[in-house]
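S.K.: Once you've had a glance at the structure underneath, I'll fire off some questions.
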Amino acid sequence: MTYDEALAFWYGRINYEVRAAKPGDLKLECMQSLLHRLGDPHEKLRLVHITGTKGKGSTAAMVAAILQAAGYRVGLFTSPHLSHVEERIQINGESISRCDLTARMADVAAVLDDPAITFFEIGTALGFLHFAHSCCDVAVIEVGLGGRFDSTNVCTPLVSVITNIGYDHMAQLGNSLEAIAFEKAGIIKRGVPVVSGVMQAAPREVVERIAREQNAALYSAGEIPLDPSMKIGLLGGHQRENAACAVAAILRLREAGMAIPEAAVREGLATVRWPARIELISRDPIVILDTAHNVPSTEALVKTLSESFPQVNHRSVILAVSSDKQYPEMLRVLANYFDRFYFTKYGTNPRSVPPEKLADMLQTVDRWKPISLHSTSDAAFHAARRTERDNGLICITGSVFLAGELRPLLRS
C-alpha cells in the first residue's frame, strides 16, 4: 500500500460518517471488533480520556505537554485536523509520518471486513495502533463527539476528564444541558477517577450521579488552586479553567504511580501550543486565528479579545460556519464586539453556510454593520487586510475548516 492508497482507503470511508450522525445509530461494537482483530492495542496503553463541549483539545494538549516535560513518550489523539490529516495522531508533538501512516493503514486494511466502519473509527484505530507500535509511555485521547458512543470510548483510562458542558451537536447529543452531560459522562468507567470542570448545577448533578453509579471517584477542577504566577502558553482567562482540569488529571496520574514533578507541570503549561485556538499570528495589524464554532467558544473568544487587546480601535471578523451550528446565536455574540464582517465559506464543502445567508442573518441582529461577501477564504482575508486601519484587529473564526484553509497562507 502506498501513501496515496492509504489516504484513498481512509477517505473512501468518509461518507459512512452519516451512520454516526443519526441519533440511535451510534454503537461501539464495530470499533471493539476492529481493535480486537488488531490485537487490542488500546489495552496495551496507559491513557487519559478527555471530553467536553469546549476546551477538550486545549486540555488534552496541556496534559500531553506536561507529561512530555516530565520525560514521557506521549501520544496525542485529537480531531479534527487543521491542514493535514496526520495532525490527528502525534507523539511528543510530531505528527505521524507518511511512512508510519501507510504501514498502520495497511494493518487496518488487512483485517477490516465491515463496510460500515467510519472515517473516524479508522482514525481512532490508527491512533491506538500507532501509539502501541511506537511504545508510548502514555497517550492522551480526545473524544470526537459526545462520549458515550464515541469510537474512543472503548478504552479504560487511568483518568477520565470532562472539561465542561454547553450546547453543541444537539442533533446527536440532545437539546438540554442534562442530556448533553449524560452523553459526555458516558466516558466515566467503573472505578476510574474522573475530573470534572462542569460548573452549571443541572449538568453537574448528572455527572455526579453517573460517577456514583460507576463507583468512580469524582474530583472538581474548580477546587484545584492554580498558582497565580503559573504561566499558560495559550491566550484567554478560560485557559486557566482548562489548566485546572489538566492539573487535576495530572494529580490523578501521580496517584496511579506516574512520576510528574511540579517543574514539569509549570514547564508544560508555559510551553503548550495549540494551533488556531485564539492564536496570535501577527501584531501589525493584530491577526487572530481561531476555531470557535459554538456559542460557549464564541463567548470565550470575544471575552479574551476584549481583555487581551483593549487598545484596538477597529475590529474585523472573517467568518465561515457549518450549517449544523448555532450560527444565529454566534452572530449575536460577535456583533457585540466586531465592527465589520467578512463572510465567506470554506472549500466546496456543502456544510458551509452561504455567505449571503450569514449576511441576511446579521441584518436581523444589527442592520448597520458593514458587511463584505467573499467566495473564498483567501479573498476574504486579503480584503480585510487591505481595508483594516492602523491599530486594528482581524479575527478569523467560526470553523476548524476555515482555520485550516487560511493557516498556511497566514504563516507563509
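S.K.: Which of the chymotrypsin sites (Phe, Trp or Tyr not before Pro) across segment 324-412 are loop residues per DSSP, with 14 or fewer other Cβ within 10 Å?
M.R.: Details: sites: TYR337, PHE338, PHE341, TYR342, PHE343, TYR346, TRP368, PHE381, PHE401; in loops: TYR337, PHE338, TYR346, TRP368.
Within segment 324-412, the qualifying chymotrypsin sites (Phe, Trp or Tyr not before Pro) (loop, at most 14 other Cβ atoms within 10 Å) are TRP368.
S.K.: Within the set of other residues whose C-beta is less than 13 Å from the C-beta of PHE338, count the net charge using Lys and Arg as +1 and Asp and Glu as -1. The partial results should precede the final answer.
M.R.: Working: positive: ARG315, ARG332, ARG340, LYS369; negative: ASP290, ASP339, ASP366, GLU388.
Charge balance near PHE338 sits at 0.
S.K.: Right, another one. Give me the 1.4 Å probe accessible area per residue for segment 95-157, excluding ligands and nucleic acids, in Å². Before the final figure, lay out each step's value.
M.R.: On the way: 1890 Å² over 63 residues.
Each residue of segment 95-157 exposes 30 Å² on average to a 1.4 Å probe.
S.K.: Note down the nm distance, to one decimal, between modelled labels 7 Å out along Cα→Cβ at HIS36 and at ARG273.
M.R.: Label-label distance for HIS36 and ARG273, simple model: 4.2 nm.
S.K.: In segment 102-208, what percent of the accessible surface is made up of carbon and sulfur (1.4 Å probe, ligands and nucleic acids excluded)?
M.R.: 56
S.K.: Which length gain, in nm to one decimal place, applies between LYS231 and ASN313 when the Cα-Cα distance is subtracted from 0.36 nm times their residue separation?
M.R.: On the way: separation 82, 0.36 × 82 = 29.52 nm, distance 2.79 nm.
Computed gain between LYS231 and ASN313 is 26.7 nm.
S.K.: Candidates (1) 22.2; (2) 35.4; (3) 19.3; which is the computed mean projected area of the Cα convex hull in nm²?
M.R.: It is the one labelled (3).
S.K.: A further question follows. Using a Gaussian network for the chain with springs between C-alpha atoms less than 10 Å apart, which of these wobbles most: ASP324, ASP378, ASP360?
M.R.: ASP360
S.K.: Using a Gaussian network for the chain with springs between C-alpha atoms less than 10 Å apart, which of these wobbles most: SER308, SER83, SER297?
M.R.: Per the Cα network of the chain with a 10 Å cutoff, SER308 tops the list.
S.K.: Now for a separate question. On the accessible surface of segment 290-395, probed at 1.4 Å, how many percent belong to carbon and sulfur atoms?
M.R.: 48
S.K.: Also: Is there a pair in LYS56/LYS357; LYS27/LYS56; LYS325/LYS369; LYS27/LYS189; LYS27/LYS345; LYS184/LYS325 whose C-alpha atoms are over 24 Å apart, and which pairs would that be? Please list the in-between numbers first.
M.R.: Working: LYS56/LYS357 30 Å; LYS27/LYS56 22 Å; LYS325/LYS369 22 Å; LYS27/LYS189 17 Å; LYS27/LYS345 32 Å; LYS184/LYS325 18 Å.
The answer is LYS56/LYS357; LYS27/LYS345.
S.K.: Determine which aspartates and glutamates satisfy two conditions relative to LYS54: a Cα distance under 12 Å, and not lying fewer than 8 residues away in the same chain.
M.R.: Cross-link targets: GLU142, ASP168, GLU241, GLU299.
S.K.: Rounded, prolate or oblate: which fits segment 228-374, taking a ≥ b ≥ c as square roots of the Cα gyration tensor eigenvalues, rounded meaning a/c under 1.5, else prolate when a/b beats b/c? Each step should come with its number before you reach the end.
M.R.: Working: a/c = 2.72, a/b = 2.02, b/c = 1.35.
In terms of gyration-tensor shape, prolate.
S.K.: Determine ³J(HN,Hα), in whole Hz, for all residues of segment 122-131 in sequence, where each value follows from phi through the Karplus function 6.51 cos²θ - 1.76 cosθ + 1.60 and θ = phi - 60°; x replaces Gly and Pro.
M.R.: 5, x, 4, 4, 4, x, 4, 5, 5, 5
S.K.: Something else: Just to confirm the number: angle between the C-alpha axis of helix 201-213 and the first principal axis of the chain, 0 to 90 degrees, nearest 10?
M.R.: 10
S.K.: Quickly estimate the mean residue ellipticity at 222 nm for the chain, helices only: each DSSP H run with n ≥ 4 gives -39500 (n - 2.57), and the total goes over all residues, rounded to 500.
M.R.: Result for the chain: -12500 deg cm²/dmol, rounded to the nearest 500.
S.K.: Got the relative contact order for segment 19-99 handy, in percent, Cα pairs under 8 Å and 6 or more residues apart?
M.R.: Numbers: 54 pairs, mean separation 11.9, N = 81.
Worked out over segment 19-99, it gives 15 percent.
S.K.: Going by the alpha-carbon gyration tensor, a ≥ b ≥ c the square roots of its eigenvalues, is segment 194-265 rounded (a/c under 1.5) or, if a/c is not under 1.5, prolate (a/b greater than b/c) versus oblate?
M.R.: Details: a/c = 3.19, a/b = 1.33, b/c = 2.40.
Cα axes put segment 194-265 in the oblate bin.
S.K.: Given a Förster distance of 25 Å, report the FRET efficiency between ARG351 and ILE281 from their Cβ-Cβ distance, rounded to the nearest 0.05. Don't skip to the end; give the middle numbers.
M.R.: Details: r = 25 Å, r/R0 = 1.01.
Between ARG351 and ILE281 the formula returns 0.50.
S.K.: With every protein chain kept in place and ligands, DNA and RNA left out, what is the accessible area per residue of segment 218-303? Probe 1.4 Å, answer in Å².
M.R.: Accessible area per residue: 43 Å².
S.K.: Now, a different point. Given H placed 1.01 Å from N in the peptide plane, which residues other than close sequence neighbours of SER95 have an amide H under 5 Å from its amide H?
M.R.: Under 5 Å from the amide H of SER95: no residue qualifies.
S.K.: Which one, GLY257, GLY347, GLY191, has the greatest fluctuation when you compute a Gaussian network model over the chain with C-alpha springs under 10 angstrom?
M.R.: Comparing GLY257, GLY347, GLY191 in the GNM, the peak value goes to GLY257.
S.K.: Calculate the FRET efficiency for ARG367 and THR387 from the Cβ-Cβ distance with a Förster distance of 22 Å, rounded to the nearest 0.05.
M.R.: Efficiency at R0 = 22 Å is approximately 0.60.
S.K.: Please report the antiparallel percentage of the DSSP beta bridges confined to the chain, to the nearest 5.
M.R.: Of the beta bridges lying entirely in the chain, close to 20 percent run antiparallel.
S.K.: Another question, if that's okay. Can you give the net charge of the other residues whose Cβ lies under 12 Å from the Cβ of GLU388, counting K and R as +1 and D and E as -1?
M.R.: The answer is +2.
S.K.: Full extension from CYS135 to ALA179: what is 0.36 nm times the residue separation minus their Cα-Cα distance, to one decimal in nm? It would help to have the intermediate numbers written out before the result.
M.R.: On the way: separation 44, 0.36 × 44 = 15.84 nm, distance 3.76 nm.
Working it through step by step, the gained length comes to 12.1 nm.
S.K.: Between GLU262 and THR156, what's the calculated FRET efficiency when r is the beta-carbon distance and R0 is 22 Å? Round to 0.05.
M.R.: Plugging the Cβ-Cβ distance into 1/(1 + (r/R0)^6) gives 0.20.
S.K.: Then there's this: Would you kindly derive the ³J(HN,Hα) couplings of segment 228-236 from the backbone phi angles with the Karplus curve 6.51 cos²θ - 1.76 cosθ + 1.60 (θ = phi - 60°), listing them in order in whole Hz, with x for Gly and Pro?
M.R.: x, 7, 6, 8, 10, x, 10, 6, x
S.K.: Moving on to the next point. Check VAL161: other-chain or 5+ apart residues with amide H under 5 Å from its amide H, H built from backbone geometry?
M.R.: HIS49, ILE50, THR51, VAL195
S.K.: Roll a 1.4 Å probe over the protein heavy atoms and report the accessible area of LYS369 in Å², nearest 10.
M.R.: 30
The values are calculated or read from the model by the stated rules, or taken from the named source; none is laboratory data. A quick note: this is a predicted structure, and the numbers were derived from the prediction, not measured. Please note: Cβ atoms are built from the backbone with ideal geometry, for glycine as well, and neighbour counts cover all protein chains shown. For the accessible areas, the whole protein counts, side chains as well, though only heavy atoms, and no ligand, DNA or RNA atoms are used. Shrake-Rupley method; radii C 1.70, N 1.55, O 1.52, S 1.80 Å.
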